[in-house]
Amino acid sequence: MELLFELGCEELPARFVDPTLGQIRDGFLKACEDLRIDVGEVRTLSTPRRLTLLVEGLADAQADLEEERTGPPVRAAYKDGEPTKAAEGFARGQGVAVEDLYTVETDKGEYIAAKVFEKGGPTHELLPGILEGIVRGLNFPKSMRWADYKETFGRPVRWMVAVAGGETIRFEFAGVTSGNTSYGHRFAAPGAIEVGSIADYESKLAEFLVIADPAKRRATIEAGLAEVGQQAGGKVIDDPALLDEVVNLIEKAHVIRVEFSQDYLEVPDEVLISSMRSHQRYFAIADANGALVNSCAVVYNTPVHDPKVVAAGNLRVLKARLDDARFFWEQDLRVPLEEFVSRLGDVVWLKQIGTMKERSARISMTAAHIAEAIEAGEDTVEHARRAGYLCKADLMTQMVYEFPDLQGVMGREYAKKAGEADAVAKAIDEQYLPKGADGNTPQTDAGACVALAEKLDALVGCFGVGLVPTSAADPYALRRAALGCIRILQDRGYSVSLPTLVQLALDTYDELDAGKLKDAGELKAEVLEFMGTRLKHQLAADHPADVVDAVIAVGLDDVLSITDRVEALGKLTSEDDFLPLAQGFKRVVNILRKQAADADSEQAVNTGLLQEAGEVALHEAAQKAGVAVNSAVEARDWDAACRTLIGLKAPVDTFFDDVMVMVDDEALKANRIALLFQLEKLFMNVADISQISAR
Amino acid sequence: MALNFQDMILRLQQFWADYGCVVQQPWDIEKGAGTANAATFLRSLGPEPWNVAYVEPCRRPTDGRYGENPNRLGAYYQFQVILKPSPDDVLDIYFNSLKAIGIDPMEHDLRLVEDDWEQPTLGAWGLGWEVWIDGMEATQFTYFQQVGGVELDRVCAEITYGLERIAMFLQDVDSVYDLEWAPGVTYGQIRHQEEVEFSHYNFEQVDSDLYFRWFDEMEAEAKRLMEAELVLPAYDFILKANHTFNTLDASGAISVTERQKYIGRIRNLARGIATRYVDKRKDLGYPLLPEDQKAQWLPAEEA
């Protein structure tokens, strides 16, 4: 049979809809599994006012239960051949006669057992409990009560439809009894709708001007956006997050174009887009060159008599918004950037450390030092220094107060207007990059330096006063900051070591805000370990974890080099010679750590003492490989370095087959150990491959 | 022909009076929102049913714009409705009230957009929506969950109409000052001078030492009156302290960190008064509670 279940609510927040549907679906499947009810196909539909579960191929009854249950051990179950109290109790508990108990052999010995049989009940009788359980068990990011009901939900529940195999399933929740009546569009067709089957559910709702399938509403919106874009002489700017939201804000989709005055286009595009998007959920439109045009697309819900009225109303609201934005733009432009910077002195960043003004002074200094460390030109050093100094100024502007997501963007625009160099303006904007795990990284050196400095200052500062992220909470977004640093280094191809970068941030604190952070040595180690863990996680997402560990084991240093080595090494692990070589290297490492722990690792090999063919060959091969690896390392050609090392597989094997290391002759032994040290150092240029295990 | 400002208010009053609301008058102390009127803040607490509608003048000193901005005002009017407990068809009733002032739901796109309301100074929060008319925020609709830090016994629906905005929409004017208040009289003629003068006062002329002192004194008086179990006089002083803070805030005399401290002090007062009001109403035997509900809410020996 089939089941149609619809929860009718007052308008749910768009962000609640999909997660709640998922819970309903999973909850239903889980309940059916637990109750041994077979389920065919399960689908969900939704609008802001309804969450719908459609089930086909639902079994009419539970499967019968036939099960063997074990009880107490035989020695406790019978005494002198007679059943004990324990056996009787077990039989009673399982609902079988004592005579029907039998013995089973288990790992732990002989136990008594009972065969239990339960006839499956009709699904109809179980559905009220299942559905009520689901409704009561739903979780929302925020729940509420209403009227006198004790129940909680995302928004008040106003009706419930539950029909299985043509029969209504009755249960209650917050004063609502489930039935077979749904309701249409709140304004255009508010009447009651009798629904009985999946087949006519969607079509009946459509008659009542509700499109229950979000995919269909999305398609209507997309077509409408394309059309409006064309009318406006451009294309609606792709905005998947906004589209996702808007689909769940309406029960029926209509799209209309709203045209505003050209005059507003003097305000930066990002400001206009924010005004339209964050407050009004309008879609911005750009021309072929990517510049905004003076129209936007508005999605609405009611099939009104005259769409022009809706367009006019929305235009009035948009105008007020854009007037506000233009007002803030003009007001902010009257204030010199320096004035905003000085006002940052009134804003506390972290109470243990100080103000935003102090923070931007540190970012400025660290950014300049990073620019020097990456050997950028003198101009870039100065741009980074200046951009760091100005980078937080826009936090004091009215525009950013009103549109917090425009931080950085406004800093860039106001800097441009103030006559700052383009590189400075751009760097101010780029300080917040990358946004999110896959977000773009800065495109300019000055921007990258400020972005690094901004993040390192936060990492060192927060760790320095004990604001360390926990698994549950990372209120200062330090994980994102650490990963951001790593991604910038990778994308920009900066060969500069993490310890150096962290030290630069520490030096700045020492120079400008001495004594506010804890002991530098311990702090540096903590921050590096934190960043190292981020790097490991990041690399392990695309590469085998043991390869990542092997590379990081030789030192957490230059992120770029680590990343390249992981990539080069990762590609070679599937080659035939690789794993045997790793095994051989593991023997090398074991001998050096365990049997030669006291040996001098700097001891040079005495070629005169090389006796066996195997050790002579290995020494020669290692010498040659040493030259090749050195020049590959120099050229950062990690692929070549790895290949050279793989070439050592045969001589390493022969060496271990033919040569005994721990011989009685101390001079011979020491010389062979020196040879192994030489080999180890060679490998440690790339990775400790002894950590890589069989695939 | 669109309604003028006063006719719109009269229609709303009539609509809610017909529904069965008590039509109350504003409370005579400055406040930032209709929520702060005791008819909402205090009466939403406890088990007594309460349906009320009233116009409330609201003062928000920081929003003043010297009468120059067509959409922003330092003082304006809200129309406030409380339905406690919230009826099951509360949204339908609300949308009918829009019809009563000439907003046809088939002419305009009416929408409920998630907006969770929170008033930290009052220790109050609720879930609900902004109601949009063709994209314009016309009403704040909230199911109160907590007031003064106290979980509500019976959840009420709060409906707050932004009167000026709705009137601008109905009358199709771009500036609030062009609204027709009564035949031949505009909103600007009545209120523009007030906006200009209070902006000058709040932004330039506030004697902050005086206000800081007042705040301390009003806070102390509120506490003293709470101890004396004079709940309503105490509440007046909380409102006065709150407005004193709002004025100081507009004048720029309060730093960011101090601001949080002042908000905390007002919230403490709000929490104190909320629990005392609940106790007091119980002591009084819940005067607004129908006889047949008293047994449910009052212990047997007290009923």
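The values are calculated or read from the model by the stated rules, or taken from the named source; none is laboratory data. The shown structure was predicted, so the numbers you read here are calculated from the model rather than taken from an experiment. Reconstructed Cβ throughout: ideal geometry from the backbone, glycine too, with neighbour counts over all protein chains shown. Side chains included, ligands, DNA and RNA excluded: accessible areas come from the protein's heavy atoms. Shrake-Rupley method; radii C 1.70, N 1.55, O 1.52, S 1.80 Å.
Among A:A568, A:S601, A:A625, whose Cα sits farthest toward the positive end of the charge dipole of region A:555-695 (+1 at Cβ of Lys/Arg, -1 at Cβ of Asp/Glu, about the Cα centre)?
Positive-end residue among those listed: A:A568.
Could you give the nm distance between label points at A:A223 and A:E266, where each point is 7 Å from its Cα heading toward the beta carbon?
For A:A223 paired with A:E266, the spin-label model returns 4.2 nm.
With +1 on the Cβ of every Lys and Arg and -1 on the Cβ of every Asp and Glu, and nothing else charged, how large is the dipole of the protein assembly as shown about its Cα centre, in debye rounded to the nearest 20?
Working: 102 positive and 162 negative charges, 269 e Å.
My answer is approximately 1300 debye.
Contour minus end-to-end for A:D507 and A:S203, with contour as 0.36 nm per residue of separation and end-to-end as the Cα-Cα distance? Kindly include the intermediate steps, with their values, before the conclusion.
Values: separation 304, 0.36 × 304 = 109.44 nm, distance 6.93 nm.
Full extension of this stretch gives 102.5 nm more.
Counting each pair of different Cα atoms once, what's the Kirkwood radius of region A:562-691 in Å, rounded to one decimal?
Details: mean 1/r = 0.0671 Å⁻¹.
Mean inverse Cα-Cα distance, inverted, gives 14.9 Å.
Can you give me the distance in nm between label points at A:T106 and A:S471, each placed 7 Å from the Cα along the Cα-to-Cβ direction?
Label-label distance for A:T106 and A:S471, simple model: 3.2 nm.
Mind checking Rg over Rh on region B:201-268, alpha carbons, Kirkwood formula for Rh? Could you put the intermediate results ahead of the total?
Details: Rg = 12.3 Å, Rh = 12.2 Å.
Computed over Cα atoms, the ratio is 1.01.
Viscosity 1.567 mPa s, temperature 4 °C: Stokes-Einstein D of region A:165-244 from its Kirkwood Cα radius, in µm² per second? It would help to have the intermediate numbers written out before the result.
Working: Rh = 15.5 Å.
After rounding, the answer is 84 µm²/s.
Do any GluC sites (Glu not before Pro) in region B:202-303 lie in a DSSP loop with no more than 14 other beta carbon atoms within 10 Å, and if so, which?
Numbers: sites: B:E204, B:E217, B:E219, B:E221, B:E227, B:E229, B:E258, B:E291, B:E301, B:E302; in loops: B:E229, B:E301, B:E302.
The qualifying sites are B:E229, B:E301, B:E302.
Take the alpha carbon atoms of region A:214-333, find their radius of gyration, then divide it by 2.2 N^0.38 Å using N residues; give the quotient.
Values: Rg = 14.0 Å, N = 120, 2.2 N^0.38 = 13.6 Å.
This ratio for region A:214-333 stands at 1.03.
Considering only C-alpha atoms, what is the centroid distance from region A:640-679 to region A:413-483, in Å?
The distance from the Cα centre of region A:640-679 to that of region A:413-483 comes to 48 Å.
Set the Förster radius R0 to 25 Å, insert the Cβ-Cβ distance between A:M1 and A:E172 as r into 1/(1 + (r/R0)^6), and round the FRET efficiency to 0.05.
Details: r = 23 Å, r/R0 = 0.91.
FRET efficiency, A:M1 to A:E172: 0.65.
Over region A:253-394, how many percent of alpha carbon pairs lie in each 5 Å bin up to the one with the longest distance?
Spelled out bin by bin, region A:253-394 gives 2, 9, 14, 12, 11, 11, 11, 10, 8, 6, 3, 2, 1, 0 percent.
If you average the sequence gap of Cα pairs under 8 Å that are 6 or more apart and divide by the length of chain A, what percent do you get for the contact order? Mind dumping the intermediate values first?
Values: 1129 pairs, mean separation 51.0, N = 695.
It rounds to 7 percent for chain A.
Roughly how much of A:K426 is accessible, in Å² to the nearest 10, using a 1.4 Å probe?
Approximately 80 Å² for this residue.
In whole Hz, what ³J(HN,Hα) sequence does region A:390-399 give by Karplus (6.51, -1.76, 1.60; θ = phi - 60°), x for Gly and Pro?
For region A:390-399, the Karplus curve yields 8, 5, 9, 4, 5, 4, 8, 7, 5, 4 Hz.
Just how much of A:S203 is accessible, in Å², when a 1.4 Å probe is used and the result is rounded to the nearest 10?
The value for A:S203 is about 60 Å².
What nm value, rounded to one decimal, do you get for the distance between A:E118 and B:I93 when each label is placed 7 Å out toward the C-beta?
4.7
Charges only on Cβ, +1 for Lys and Arg, -1 for Asp and Glu: so what's the dipole of region A:65-118 about the Cα centre, in debye to the nearest 20?
Working: 7 positive and 12 negative charges, 57 e Å.
Its charge dipole is roughly 280 debye.
If I take R0 = 45 Å and measure r between the Cβ atoms of A:E620 and A:A545 in this structure, what FRET efficiency does the formula 1/(1 + (r/R0)^6) give, to the nearest 0.05?
Working: r = 35 Å, r/R0 = 0.78.
My answer for the efficiency is 0.80.
Apply the Karplus curve 6.51 cos²θ - 1.76 cosθ + 1.60, θ = phi - 60°, to the phi angles in region B:126-140 and return the couplings in whole Hz, x for Gly and Pro.
Calculated HN-Hα couplings, in order: x, 10, x, 9, 8, 9, 9, 10, 6, x, 9, 6, 10, 8, 9 Hz.
Leaving ligands, DNA and RNA out of it, rank A:V17, A:V468 by accessible area with a 1.4 Å probe, largest first. The partial results should precede the final answer.
Numbers: A:V17 0, A:V468 65 Å².
Highest to lowest solvent-accessible surface, that is A:V468, A:V17.
Would you work out the relative contact order for region A:443-513, in percent, from Cα pairs under 8 angstrom that are 6 or more residues apart?
On the way: 36 pairs, mean separation 28.5, N = 71.
40 percent.
Which value, in Å² rounded to 10, gives the accessible area of A:T500 with a 1.4 Å probe and all protein chains present?
The accessible area comes out at roughly 60 Å².
Of A:V228, B:V278, B:V22, which has the most accessible area with a 1.4 Å probe, and how do the rest follow in descending order?
Working: A:V228 5, B:V278 35, B:V22 65 Å².
Order by accessible area, largest first: B:V22, B:V278, A:V228.
Along the charge dipole of the protein assembly as shown, Cβ charges K/R +1 and D/E -1, which of A:G419, B:L10, B:N96 sits furthest on the positive end?
B:L10
With all protein chains present and a 1.4 Å probe, how do B:D292, A:D263 order by accessible area, largest first? All intermediate terms of the calculation are to be shown ahead of the outcome.
Values: B:D292 130, A:D263 95 Å².
From most exposed to least exposed: B:D292, A:D263.
Charges on Cβ only, +1 for Lys and Arg, -1 for Asp and Glu, centred on the Cα centroid of the protein assembly as shown; of A:A206, B:A270, A:A226, which one is farthest towards the dipole's positive end?
Final value for the positive-end residue is B:A270.
Which of these, B:H192, B:H108, B:H200, has the largest mean-square fluctuation under a Gaussian network model of chain B (Cα springs below 10 Å)?
B:H108
So between A:R334 and A:A86, what do we pick up on full extension, going 0.36 nm a residue minus the alpha carbon distance?
Details: separation 248, 0.36 × 248 = 89.28 nm, distance 8.97 nm.
Extra length from A:R334 to A:A86 when fully extended: 80.3 nm.
Find, among the trypsin sites (Lys or Arg not before Pro) in region A:44-108, those assigned to loop by DSSP (not H, G, I, E, B) with at most 14 other beta-carbon atoms within 10 angstrom. Write out the running numbers ahead of the final one.
Numbers: sites: A:R49, A:R50, A:R69, A:R75, A:K79, A:K85, A:R92, A:K108; in loops: A:R49, A:K108.
Within region A:44-108, the qualifying trypsin sites (Lys or Arg not before Pro) (loop, at most 14 other Cβ atoms within 10 Å) are A:K108.
Mean shadow of chain A, computed from the convex hull of its alpha carbons, in nm²? Display every interim value, and only then the final one.
On the way: hull surface 187.8 nm².
Quarter of the Cα hull surface area: 46.9 nm².
Looking at region A:603-677, which chymotrypsin sites (Phe, Trp or Tyr not before Pro) are in a loop (DSSP not H, G, I, E or B) and have at most 15 other Cβ atoms within 10 Å?
none
May I ask you to compute the full-extension gain from A:A525 to A:K79, defined as 0.36 nm times their residue separation minus their alpha-carbon distance, rounded to one decimal in nm? Intermediate values should be presented prior to the final figure.
Values: separation 446, 0.36 × 446 = 160.56 nm, distance 6.76 nm.
Stretched out fully, the A:A525 to A:K79 stretch lengthens by 153.8 nm.
Using only the alpha-carbon atoms of region A:65-118, report the extent along each of the three principal axes, biggest first, to the nearest angstrom.
If we take the Cα atoms of region A:65-118, the spans are 32, 24, 13 Å.
Tell me the relative contact order for region A:562-691 as a rounded percent, counting alpha carbon contacts under 8 Å between residues six or more apart. Mind showing how you got there, number by number?
Numbers: 116 pairs, mean separation 56.3, N = 130.
Here the relative contact order equals 43 percent.
To the nearest 0.05, how large is the calculated FRET efficiency for A:R69 and A:L29 if R₀ is 30 Å and r is the Cβ-Cβ distance? All intermediate terms of the calculation are to be shown ahead of the outcome.
Values: r = 26 Å, r/R0 = 0.86.
For A:R69 and A:L29, the calculated efficiency is 0.70.
To the nearest 20 Debye, how big is the dipole of chain B about its Cα centre, given +1 on the beta carbon of each Lys and Arg and -1 on that of each Asp and Glu?
Details: 27 positive and 50 negative charges, 159 e Å.
The calculation lands at about 760 debye.
Considering only C-alpha atoms, what is the centroid distance from region B:1-56 to region A:184-247, in Å?
Cα centroid to Cα centroid, the span is 37 Å.
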